[in-house]
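The values are calculated or read from the model by the stated rules, or taken from the named source; none is laboratory data. Since the structure is predicted, the reported quantities are computational estimates derived from the model, not experimental observations. Please note: Cβ atoms are built from the backbone with ideal geometry, for glycine as well, and neighbour counts cover all protein chains shown.
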Amino acid sequence: MRTIVHLSDIHFGRVDDRLLAPLRRTVEAVAPHVVVVSGDLTQRAKSIEFKAARAWLDTLPGPQIVVPGNHDIPLYNVAARFLTPLTKYRRYITPNLAPEYVDDEIAVMGLNTARSLTIKDGRVNREQIERLGERMAKVDANLTRIVVTHHPFDLPESFNERDLVDRAPMAMEAFSRCGVDLLLAGHLHASHSGNSAQRYKIAGYAALVVQAGTATSTRGRGETNSFNVIRIDGDEIQVERYSWEDASSAFKIASIEVFRRDGDSWQPLGTTPDMDEAITTDETVTPP
């Protein structure tokens, strides 16, 4: 079994500082095999924000797969936005815009969807998708295949299709051909889990799509701060959502959803009836 911690939309520059230490302790208690951060590490792509993000990431377990978000591109510095959009991200976070982690059970690959020409929207291009296919072709066919982006390929029902990453249908067709199982994203500050079958009519194929809320930003958009823990055990994936509780000053399990592979489709099995079986004790996640 493999365990992934999925963080997103950290937004240094608009962080609730109370959450940083409890979140770090909770991540450590989960003991993930890999930590995924799906973009928006900063609020306005300032050096001081990137430095703070880097310092905090260094307190988390590794390995880490990190991709940029639209907030990691300068907004008001027009010259930097169009000429050197991800220079600070590359300097302080990682120079690699297509990171990957592969072991004998999972293959996790990052894909950059942040673009200078839009304020908040994202896109992928054919060259990126072709390169991803080539990377996937090199890993064992039996591995669970995971793609990490900032902008989502699917949405909760209350969101508009404009929030989808541009060229999503093209990418999803390619994902079906190279057997992508799981898509991790952020951007919306809203948690969501489901499969891609309703939006993308691809015969015999339905990827599991998991959206993370904002882990630490003060811009919650109606949802409490949260993150995901994803447990992958062969043909079964469990998605645990941890939410911040002011009363206990801790991140606690809010929901658990279970999905099972049926051929090339991931189907929901529902909510785990006894959540105590899947969580660590309060002692491991509650601040002293």
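Restricting attention to the stretch 158-175 and to residues that are part of a loop (DSSP other than H, G, I, E, B) and not hydrophobic (A, V, I, L, M, F, W, C), the residue that is farthest from GLY194 (Cα to Cα) turns out to be ARG167. Against the conditions (1) acidic (Asp, Glu); (2) at pLDDT 95 or above; (3) more than 18 Å from the chain's Cα centre (by Cα), ASP264 satisfies every one except (2).
The conditions of being modelled with pLDDT under 95 and of a type outside the set (A, V, I, L, M, F, W, C) are met by ASN77.
Taken over the stretch 176-186, the criterion of being surrounded by 18 or more Cβ atoms within 10 Å (Cβ to Cβ) and of a type in the set (D, E, K, R) is satisfied by ASP181 alone. Can you tell me how many residues in the stretch 81-123 are modelled with pLDDT under 95, surrounded by 16 or more Cβ atoms within 10 Å (Cβ to Cβ), in contact with a Ser or Thr (Cβ under 7 Å, 6 or more places away or on another chain) and of a type in the set (A, V, I, L, M, F, W, C)? Residues meeting the conditions: 0.
Scanning the stretch 26-60 for residues being crowded, with 18+ Cβ neighbours inside 10 Å, in a helix (DSSP H, G or I) and either over 18 Å from the mean Cα position of the chain (by Cα) or among the charged types (D, E, K, R) (or both) gives a total of 3. The condition of being closer than 19 Å to MET109 by Cα and over 17 Å from the mean Cα position of the chain (by Cα) holds for only one of ARG90, ARG2, that being ARG90.
Being of a type in the set (Lys, Arg), touching a residue at least 40 places away in the same chain (Cβ under 8 Å) and out of contact with any strand residue (DSSP E or B) (no Cβ under 8 Å at 6 or more places or on another chain), is that true of even one residue in the stretch 84-97? Yes, the stretch 84-97 has at least one match.
For first residues located in the stretch 247-268 and among the β-branched types (Val, Ile, Thr), partners that are assigned to a strand (DSSP E or B) and exposed (fewer than 14 other Cβ atoms within 10 Å of the Cβ) and lie 6+ apart or on another chain with Cβ distances below 9 Å form the pairs ILE256/THR271; VAL258/LEU269; VAL258/GLY270; VAL258/THR271.
Selection of first residues in the stretch 35-51 that are over 15 Å from GLN64 (Cβ atoms) and of second residues that are among the hydroxyl-bearing types (Ser, Thr, Tyr) and modelled with pLDDT under 95, restricted to Cβ pairs under 9 Å at least 6 apart or on distinct chains, gives the following pairs, ordered by first then second residue: ARG44/TYR76. Scanning the stretch 204-231 for residues that are touching a Ser or Thr at 6+ places or on another chain (Cβ under 9 Å) and among the small types (Gly, Ala, Ser) yields GLY204, ALA206, ALA207, ALA212, GLY213, ALA215, GLY220, SER226. Scanning the stretch 135-152 for residues that are among the hydrophobic types (A, V, I, L, M, F, W, C) and either part of a strand (DSSP E or B) or farther than 29 Å from MET1 by Cβ (or both) gives ILE146, VAL147, VAL148. Filtered by the rule that a residue be more than 18 Å from the chain's Cα centre (by Cα) and either assigned to a loop (DSSP other than H, G, I, E, B) or small (Gly, Ala, Ser) (or both), the stretch 102-129 gives ASP103, ASP104, GLU105, SER116, LEU117, THR118, ILE119, ASN125. Does the stretch 227-252 hold any residues that are farther than 30 Å from GLN267 by Cβ, assigned to a strand (DSSP E or B) and either out of contact with any strand residue (DSSP E or B) (no Cβ under 7 Å at 6 or more places or on another chain) or among the hydroxyl-bearing types (Ser, Thr, Tyr) (or both), and which are they? Of everything in the stretch 227-252, just one residue is farther than 30 Å from GLN267 by Cβ, assigned to a strand (DSSP E or B) and either out of contact with any strand residue (DSSP E or B) (no Cβ under 7 Å at 6 or more places or on another chain) or among the hydroxyl-bearing types (Ser, Thr, Tyr) (or both), namely ALA250. The single residue among GLU161, GLU236, GLU173 that is free of Cβ contacts under 8 Å to residues at least 12 places away in the same chain and either closer than 20 Å to ILE253 by Cβ or surrounded by fewer than 23 Cβ atoms within 10 Å (Cβ to Cβ) (or both) turns out to be GLU161. The sole residue among LEU155, LEU132 that is outside any strand (DSSP E or B), modelled with pLDDT under 95 and crowded, with 17+ Cβ neighbours inside 10 Å is LEU155.
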